[in-house]
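These notes concern the structure reproduced below.
Coordinate-derived values only; no laboratory data. Because the structure is predicted, anything quoted here is derived from the model rather than measured. All Cβ positions, even for glycine, are placed from backbone atoms using ideal geometry, and neighbour counts span all protein chains on display.
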Amino acid sequence: MTPAQEIRIRPAEARDVELIFDLIKQLAEYEGAPGQVRGSPELLSVALFGERPSAEALIAGRDGAPVGFALFHGTFSTWECRPGLWLEDLFVPPEHRRGGVGGALLAAVATIALERGCARLEWQALDWNTPALDFYKKWAAQRLDEWVLHRVDGAQLEAVARGGGRDG
């Protein structure tokens, strides 16, 4: 690889919001769920660069052009009594895959986790996404099949906040 082809990872800046949002939409398309993107560049801007940012992002570039991103946020492990990082999304468009971009992004997030004294870096991948699962296996990521993801949102989130579930 020549220096011109070197992958450069940098923290996202406010000027990157439209780019990141476009990559989020590409990720949703890849995952077969384009209609599930309900956010907006404005909401993303607040989340990444507002008064109280709730997430961070890295941009991967090659030859001055963006070729992927990683978006992550903090977690906490009660068992470790230490912080962690949750990798919400790592996406490299298909035309830029197999060139080390995903690995460079994952390594950059892992480095941030270590620098911040995190006990772990965690993420999830769709069970049908064999390329992603194979990629993470290559990095010796431990698959936690015994853990089941749960979610409440919308009306269910409001009901839980009021102290009741579906039945009460």
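Restricting the first member to segment 9-31 and to residues that are surrounded by 18 or more Cβ atoms within 10 Å (Cβ to Cβ), and the second to residues that are among the polar types (S, T, N, Q), the beta-carbon pairs closer than 7 Å and six or more apart or on different chains are VAL17/SER45. Just one of the numbered conditions (1) among the β-branched types (Val, Ile, Thr); (2) closer than 20 Å to LEU149 by Cα; (3) within 15 Å of the chain's Cα centre (by Cα) is not true of ILE20: (2).
Out of the residues in segment 1-20 that are β-branched (Val, Ile, Thr) and outside any helix (DSSP H, G or I), which is farthest from ASP89 (Cα to Cα)? This residue is THR2.
Of these, ARG98, ARG162, ARG143, which one is free of Cβ contacts under 8 Å to residues at least 60 places away in the same chain, among the basic types (Lys, Arg) and on the phi > 0 side of the Ramachandran plot? Within the list ARG98, ARG162, ARG143, the selection yields ARG98. Search segment 37-74 for residues being touching a helix residue (DSSP H, G or I) at 6+ places or on another chain (Cβ under 6 Å) and without any contact (Cβ under 8 Å) to a residue 24 or more places away in the chain, and hand back the single one that is surrounded by the most Cβ atoms within 10 Å (Cβ to Cβ). Among them, the one singled out is VAL37. Does THR78 count as farther than 14 Å from ILE9 by Cα, without any contact (Cβ under 8 Å) to a residue 12 or more places away in the chain and hydroxyl-bearing (Ser, Thr, Tyr)? Yes, satisfied.
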